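Input: a single structure, listed below in structure tokens.
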Amino acid sequence: MDLRDTPDEEQFRNELSSWLEANVPPELRGHRGGAARYSDDAIRDWSRALYEAGYIGLTWPKEYGGGGKPYSYQAIFLEESARAEAPQHLGVIGLGMAGPTIIALGTEAQKARYLQPLLSADEIWCQGFSEPDAGSDLSAVRTSARLEGSHFVVDGQKVWSSYAHIADWCILVTRSDPDSERHAGLTYLIVDMKAPGVEVRPLRQITGEAEFNEIFFTGVEVPLENVVGDIGGGWQVAMTTLLHERGTLGFALTAALEVMVGKLIELARDRGATPLQRDAIAREWIELQGLRYTAYRSLSALMKTGVPGPEGSILKQQWSEAAQRLTKLALELLGPDAQLLADNAPYAGYWQHMQLRSRGNTIEAGTSEILRNIIAERVLGLPRSR
Amino acid sequence: MDFAFTPEQEELRTQARAFLSAHPDPSWQELAELGWTGVSIAEADGGAGLGFLEEAILFEEMGRALTHAPYWSTVAVMLPALPAELQAEVARGEASWTLAAGPLVPDLDTATRIATIGGDSIWELDGAEREVLQTNDETRPLGVVSGGEAGRKLASSELLPQIRTRSLTALSLEACGVGSRALELAVEYAKEREQFGKPIGTYQAISHPLATTLMELELGRSLALFAAWCIAEDDPRAPIAAAAAKSLCADAAVAACERSIQVHGGIGFTWEHVLHRLYKRALWIQAWEASGAQLRSEIADHLLGGGA
């Protein structure tokens, strides 16, 4: 057990931190997220700069354009980026979900075609999993893929799809066998978002911004070479995607929470806090430390086994509730000022935005209820609840 | 960056779990023969020359087993205050210690020697009368000492903050052990006990609170292990890390026991079931040294500056 960086890790951290200091454009620093993070050309330029400096795909195999480094480097990258308040690379879905799935289960032709432009943010990916009637129960998907000669014809609707309005490609879970039920008869496709028959409609959310979208597919032709894994084996491929979603995610979440706790402490110093509020702030700080060191433990396990464990669910679940508690605490410290928007909002509306956005944290990427099921069944070994 | 135990450390845990589950009331000599009283004592003084991380494993396992022995009071609390020749006695199993830092003193039924604080020093207390008081947790009774006089000078009282950090961290680790065992008992019971034709663990009203318990204990364990690592490495973050750990771990252990009692239903409320003993140790830990609220107030002072 040694929580210090190795000499190589330390050198990497120092170089990265200086690079971020010198290169994060001031107008993007402290970027609060939201819809602006998609529409701004500066974010794409920033993503390319990260790629060209070698900081994207750090843990991916070298033959696919990655850095071939241990997972600890990705953790350091996430920590230092959060500390520098640098914006995220635009290809979140590609880097965290589509890319690792293609590396694990894709054909050599797919790897050669998709991975490099994904890393460089020349092509953006979105995820087509959830449907109006298939949310937590992904096995209820109805979007159909009908085999016609050398291609599938896709019809159906997906929803809650971040980045779809700027995406070039979609990882899509479809029902390819119309007589199948639940986990059988699903096929995982890579779909060209510019193909005829694909329509994207942005959904305006609780914050007023449109971060996610509905996608409608009407007779969209998808060539057979765009199947990932086996025809009818889409469930296993989708599970691979979700496993990677929670891999080093814990570090990204913890690093983002650290920035938020720092701002909360600043706010309490600016505005004062009652003894009970001080107690609540201390609680959130303690929770953050607990999350950070749990992420370290989880990373150490990942580096030994190479496969993310179910602990990722613990981090995501505890982080989401912490984000909700601490943003509400910030609103309490702000008092009625927290009700003001636009130019009158304190701290440029940061806390109002973050508080509303945090309500999504316990819903997206696995609801708290589903995560508790996962922990109960896969970690504790309790019987299935359904 | 490596936050995992070594195979040797994991082996110590396996050995400790097996021994302690068979010996809830071990003699100090038995613990010495296993090499556990001298884990961090220098090899020249008869110890193993290891460190606080190995002791951390034993604190956690002794909490889980509700071991009735003055291990925390000797090893976590008193060891840094003992000169080398007295540490050698501890390693040989000839002496165990408790510190009379306030009116209530733990482990007077088992510790062979008592230390006290006077002026700027920590002293051995000679010839004191001991009275062991009836205590909620029978495996760690509190008592009072009267009379006696200061004997050997052991150390400067400047060590007291360091002793407190070690004590808080060891109690956090014990709490993790207590809470984990209470959770395991609940999980086993929820798998076997059937009502309405199904194991009760099928119902989310049962399984979700147990999932929450696991998450709280995992966060607590991460905090406690970080504090232990800070102590082992003389890292200046140790005092705050220990306060954070004790504040969260004690509450998590108490909640784990309470949820486990609830999941067990009537049987969990009986004297014959082990749960009430785990619960009483968790409540003891929560009450000792500093409450969660006190510790959070110290952390708030550290983060925000003193007094609102």
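In the stretch B:194-230, which residues are charged (D, E, K, R) and more than 7 Å from chain A (Cβ to nearest Cβ)? Result: B:Glu194, B:Lys198, B:Glu216, B:Arg221. Take the residues of the stretch B:1-16 that are of a type in the set (A, V, I, L, M, F, W, C) and more than 11 Å from chain A (Cβ to nearest Cβ): which is surrounded by the most Cβ atoms within 10 Å (Cβ to Cβ)? Taking the candidates together, the pick is B:Leu12. Only a single item in (1) among the hydrophobic types (A, V, I, L, M, F, W, C); (2) without any contact (Cβ under 8 Å) to a residue 12 or more places away in the chain; (3) buried (at least 23 other Cβ atoms within 10 Å of the Cβ) is not met by A:Ala75, and it is number (2). Out of all the residues in the stretch A:292-323, which are within 16 Å of the chain's Cα centre (by Cα) and not in a helix (DSSP H, G or I)? If the condition is that a residue be within 16 Å of the chain's Cα centre (by Cα) and not in a helix (DSSP H, G or I), then A:Pro308 is the only one that fits. Taken across the stretch B:283-305, residues that are within 19 Å of B:Thr213 (Cβ to Cβ), within 14 Å of chain A (Cβ to nearest Cβ), assigned to a helix (DSSP H, G or I) and of a type in the set (Ser, Thr, Tyr) do not occur at all. When A:Glu52 is tested against (1) modelled with pLDDT of 95 or more; (2) more than 14 Å from every other protein chain (Cβ to nearest Cβ); (3) surrounded by 13 or more Cβ atoms within 10 Å (Cβ to Cβ), exactly one condition is not met: (3). Could we say that B:Met78 is farther than 30 Å from A:Glu10 by Cβ, in contact with a strand residue (DSSP E or B) (Cβ under 7 Å, 6 or more places away or on another chain), touching a residue at least 12 places away in the same chain (Cβ under 8 Å) and buried (at least 17 other Cβ atoms within 10 Å of the Cβ) here? Yes. Residue check: A:Arg113 meets all listed conditions (1) free of Cβ contacts under 8 Å to residues at least 12 places away in the same chain; (2) touching a helix residue (DSSP H, G or I) at 6+ places or on another chain (Cβ under 7 Å); (3) farther than 29 Å from A:Glu369 by Cα but one, namely (2).
The residue of the stretch B:111-154 that is nearest to B:Lys280 (Cα to Cα), among those that are of a type in the set (Lys, Arg) and over 20 Å from the mean Cα position of the chain (by Cα), is B:Arg130. The residue that is surrounded by the most Cβ atoms within 10 Å (Cβ to Cβ), counting only those in the stretch A:186-229 that are assigned to a strand (DSSP E or B) and hydroxyl-bearing (Ser, Thr, Tyr), is A:Tyr188.
When B:Ile267, B:Ile163, B:Ile240 are checked against the criterion of being in contact with a His (Cβ under 7 Å, 6 or more places away or on another chain) and more than 10 Å from chain A (Cβ to nearest Cβ), a single residue qualifies: B:Ile267.
Does the stretch A:121-137 contain any residue that is modelled with pLDDT of 95 or more and in a helix (DSSP H, G or I)? Taking every residue of the stretch A:121-137 in turn, none turns out to be modelled with pLDDT of 95 or more and in a helix (DSSP H, G or I). Only a single item in (1) over 22 Å from the mean Cα position of the chain (by Cα); (2) within 14 Å of chain B (Cβ to nearest Cβ); (3) among the aromatic types (Phe, Trp, Tyr) is not met by A:Phe216, and it is number (2).
Listed here are the residues, each with its yes/no results for (1) among the acidic types (Asp, Glu); (2) farther than 25 Å from B:Ser291 by Cα; (3) facing another protein chain (nearest Cβ under 7 Å).
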position: A:Asp270; (1), (2), (3): yes, yes, no
position: A:Ala282; (1), (2), (3): no, no, yes
position: A:Gly290; (1), (2), (3): no, no, yes
position: A:Gly309; (1), (2), (3): no, yes, no
position: A:Ala322; (1), (2), (3): no, no, no
position: A:Leu329; (1), (2), (3): no, no, no
position: A:Asp337; (1), (2), (3): yes, yes, no
position: A:Gly349; (1), (2), (3): no, yes, no
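Of the residues in the stretch B:191-198, none is buried (at least 24 other Cβ atoms within 10 Å of the Cβ), touching a helix residue (DSSP H, G or I) at 6+ places or on another chain (Cβ under 6 Å) and part of a helix (DSSP H, G or I).
Set side by side, the residues A:Val237, A:Val261 differ, and just one is more than 13 Å from every other protein chain (Cβ to nearest Cβ), in a helix (DSSP H, G or I) and of a type outside the set (Gly, Ala, Ser), which is A:Val237.
The values are calculated or read from the model by the stated rules, or taken from the named source; none is laboratory data. This structure is a prediction, so every number in the text was calculated from the model and none was measured. Here the Cβ is made from the backbone with ideal geometry for all residues, glycine too, and neighbour counts use every protein chain on show.
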